[in-house]
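Student: Mind having a look at this structure? Questions to follow.
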Amino acid sequence: MTVGLREGYEGNQIHEVSEVIALVKRFAVDHNIEFGAEIRSTTVVYSYQSDGRMIVKEEPGANISGLFPPNKFGELSDEKLVEIIGSLAGYLAGPLGQTSFHAEVCGCHYSWKRAGQLTAHEAAKQSAASEMKCPHVTKEQLVEELGRLSRHPVLTRALHLAEEGHRGQTRIGGGSVLEEHIYPVCLDVAKGACSRSLVVVVAAALCHDLLEDTTVSLEQIQAISAEVAKLVEVLTEKPDDPYGYFRGIADNPDALLIKVMDRLNNLSCAYKITDKAEIHRLCRETERYLLDAAGKLNPAYYEAMTEKLRKLVPLQN
């Protein structure tokens with residue numbers, strides 16, 4: 001395992017390699033840790049110009065470009081590695097006068113400030129936020145993407161009911177429920193649904209959270225379409241019977257498509273959740289009840305879901 005550590009330069013500060021080597025040696029002795037370090041005497045800097053040109057230049061100043069496990073360092077957990085690197089960053093920050101250090105551990109990026117080390121969860125959250133983006137679709141964008149389909153009477157009524165039901169609701173992080181969840185899920189469903197049931201499935205996607213999260217009644221949805229209402233009923237959570245709930249969804253391809261897009265959206269936005277236990281619950285539920293069914297529906301959905309679950313692993317620790 002190789003761990004890169006680079007300094008956050010401020011004011012073009014320059015440090016001799018011998019100075020950094022002495023500090024790293026002292027850290028190893030003080031903390032009774034064995035490891036190898038690659039320390040470069042220059043740093044390659046890439047700068048992009050307004051005319052599109054990229055200038056590459058080397059700047060003087062010691063840079064710790066890698067830490068290597070000569071003994072049992074490679075057997076440590078990611079959390080322990082982060083702890084060690086955080087200690088090293090803090091150890092170097094004072095003498096070197098650096099404002100921050102950055103490291104990459106197993107694909108996750110971490111930062112430490114001189115004012116205090118970020119917790120592993122906070123750092124992992126920054127990493128997840130940089131790699132995952134919560135979708136955002138406005139009503140105007142949805143209508144434009146749906147084109148003529150958006151003018152179908154069933155969809156027109158479903159869009160109005162969803163808008164009224166979720167008006168003013170926000171998600172964790174302050175984003176609009178409609179623009180970060182309902183509209184993006186609806187658009188993804190429209191792209192994946194078959195033409196035979198397109199109108200019904202897209203309308204159900206717009207209404208899929210109404211019974212759970214709003215005061216809208218089943219009768220109001222039935223007034224739009226009995227088929228839409230049946231799908232929404234299947235999609236409405238049953239807390240006392242999660243197995244039966246997901247079994248019913250898996251047996252209904254239209255409901256499964258909506259649930260898969262709903263869950264992919266929730267996973268994309270999960271980095272905003274502050275409760276690690278809730279992120280863990282969401283991921284375990286996905287793995288237990290939904291992942292395989294998503295793969296049977298479309299292997300691409302399985303891959304997308306697996307990748308999002310992987311990126312959320314650091315946030316659960």
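Student: For the range 126-186, what is the largest minus smallest coordinate of the Cα atoms on each principal axis, given in angstrom and ordered from greatest to least?
Tutor: 43, 22, 14
Student: Given points 7 Å out from each Cα along the Cα-Cβ axis, report the Ala277 to His136 separation in nanometres with one decimal.
Tutor: With each label placed 7 Å out from Cα toward Cβ, I get 3.2 nm.
Student: Moving to a separate point now. Taking 7 Å along the Cα-to-C-beta vector as the label spot, tell me the Arg284-Asp241 distance in nanometres, rounded to one decimal.
Tutor: So the two model labels end up 2.3 nm from each other.
Student: Binning at 5 Å from 0, report for the range 178-297 what percent of all alpha-carbon pair distances ends up in each bin.
Tutor: With 5 Å bins starting at 0, P(r) equals 2, 11, 21, 24, 23, 12, 5, 1, 0.
Student: Using a Förster radius of 25 Å, what is the FRET efficiency between Asp251 and Arg196 based on their Cβ-Cβ separation? Nearest 0.05, please.
Tutor: 0.90
Student: Looking at this model, which pairs from Lys238/Lys259; Lys139/Lys259; Lys230/Lys308 are more than 25 angstrom apart at the alpha-carbon?
Tutor: Checking Cα-Cα distances, Lys230/Lys308 exceed 25 Å.
Student: Sort Tyr243, Tyr301, Tyr183 by Cβ crowding within 10 Å, fewest neighbours at the top.
Tutor: Starting with the residue having the fewest Cβ neighbours, the order is Tyr243, Tyr301, Tyr183.
Student: Let me ask you something else. At R0 = 22 Å, how high is the FRET efficiency between Ser217 and His152 if r is their beta carbon distance? Nearest 0.05 is fine.
Tutor: 0.45
Student: For the range 173-200 and the range 218-265, write down the distance between their C-alpha centroids in whole Å.
Tutor: What the calculation gives is 14 Å, centre to centre.
Student: Also, quick follow-up: Please order His166, His152 by the number of other Cβ within 10 Å, starting at the fewest.
Tutor: Going from sparsest to densest Cβ surroundings: His152, His166.
Values quoted throughout were computed directly from the atomic coordinates according to the rules given, and no laboratory measurement underlies them. Computed from a prediction, not measured in an experiment: that's the story for all the values here. Glycine gets a Cβ as well: all are built from the backbone with ideal geometry, and neighbour counts include every protein chain shown.
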